[in-house]
Amino acid sequence: MATMIEENGPSTHARQKLEGLLNKSMRIRMTDGRTLVGLFLCTDRDCNVILGSAQEFLKSTDTFSQGEPRVLGLAMIPGHHVVSIEVEADSLDDTQGFGANH
């Protein structure tokens, strides 16, 4: 009975939103100033995030894009180190296009 209530509750909406972000490009800023950019693969209750094809950008004094990124591949970001998460705009455009065509 509890699962039926949960399936109709607000957690279902939140889960659907997260599922809609799967394989979308995300930018995660961390407490030490680094920024990781990669594909959102999963998260858990502790807000840990797994990014695929991740690249690391070091903190820059002028602009974010300065310097060469370091290729990490698969990366796990502990939730307590996450400052902000942004979904790349072009990644969202792909989602809207997909929904419009299907």
Subject >> Accessible area of CYS42 in the full protein assembly, 1.4 Å probe (Å², nearest 10) >> reply: 60
Subject >> Whole-Hz couplings from phi, Karplus 6.51/-1.76/1.60, listed for segment 85-91; x for Gly and Pro >> reply: 10, 10, 8, 4, 4, 5, 5
Subject >> Net charge contributed by nearby residues that have their C-beta within less than 14 Å of SER84 (K/R +1, D/E -1) >> reply: +1
**OP:** Working with all protein chains in place, sort GLU19, GLU88 by solvent-accessible area computed with a 1.4 Å probe, largest first.
**Re:** GLU19, GLU88
Original post:
Near the amide H of GLU88, under 5 Å away, which other amide H atoms are found, from residues 5 or more places off or on another chain, if H is placed in the peptide plane?
Top reply: SER25, MET26, ARG27
Original post:
How much length is gained if the chain between LEU72 and ARG45 is pulled fully straight, taking 0.36 nm per residue apart and subtracting their Cα-Cα distance, in nm to one decimal?
Top reply: 7.3 nm
Original post:
Just by accessible area at a 1.4 angstrom probe, what is the order of ARG27, ARG34 from largest to smallest?
Top reply: ARG34, ARG27
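The values are calculated or read from the model by the stated rules, or taken from the named source; none is laboratory data. All values derive from a computational prediction rather than experimental measurement. Glycine also receives a Cβ, built like all others from the backbone with ideal geometry; neighbour counts cover every protein chain displayed. Protein only, heavy atoms only, side chains kept; ligands, DNA and RNA dropped before computing areas. Shrake-Rupley method; radii C 1.70, N 1.55, O 1.52, S 1.80 Å.
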